[in-house]
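Single-structure report; data block below.
The values are calculated or read from the model by the stated rules, or taken from the named source; none is laboratory data. This is a predicted model, so every value here is computed, not measured. As a convention, Cβ positions derive from the backbone with ideal geometry for all residues, glycine included, and neighbour counts pool all protein chains shown. The protein model used for the area step is the full one, side chains on, heavy atoms only, and it has no ligands, DNA or RNA in it. Shrake-Rupley method; radii C 1.70, N 1.55, O 1.52, S 1.80 Å.
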Amino acid sequence: LHVDRQVIGCSDHDGEDVYNLDGEELWFADFIKKEGVEPQPPFIDHITFQDEAYQQAEVNQQTCKTNLDNARRAMKDFKIED
């Protein structure tokens, strides 16, 4: 059995979109260079992601930042109990 994960995260100034298999990075979005990176070692059978993977990562970041803004607005009036 294998464990695969996609992690999408964002903040006001940064973002992350990465695919992992069994704890190893298969692909991640480099938002500075505006491209997807496949950091797999040369001794394995290379797993390739579709060209649209980076564009989807950008969409994921927009969604994440919208959700973050919505959560902040929803939580701004919550009182912290002592």
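Before moving on, here are some points about what is shown:
- Residue 74 meets all of the listed conditions (1) part of a loop (DSSP other than H, G, I, E, B); (2) surrounded by fewer than 10 Cβ atoms within 10 Å (Cβ to Cβ) but one, namely (1).
- Any chance residue 69 is more than 18 Å from residue 5 (Cβ to Cβ) and assigned to a helix (DSSP H, G or I): yes
- For the stretch 24-57, a residue qualifies if it is assigned to a helix (DSSP H, G or I) and closer than 18 Å to residue 5 by Cα, and the qualifying residues are 53, 54, 56, 57.
- Cβ-Cβ under 6 Å pairs, at least 6 apart or on other chains, the stretch 1-17 side without any contact (Cβ under 8 Å) to a residue 60 or more places away in the chain and under 18 Å from residue 66 (Cβ atoms), far side of a type outside the set (S, T, N, Q) and open to solvent by 100 Å² or more (accessible area, probe 1.4 Å): none
- Test for residue 3: is it surrounded by 14 or more Cβ atoms within 10 Å (Cβ to Cβ) and at negative phi: no
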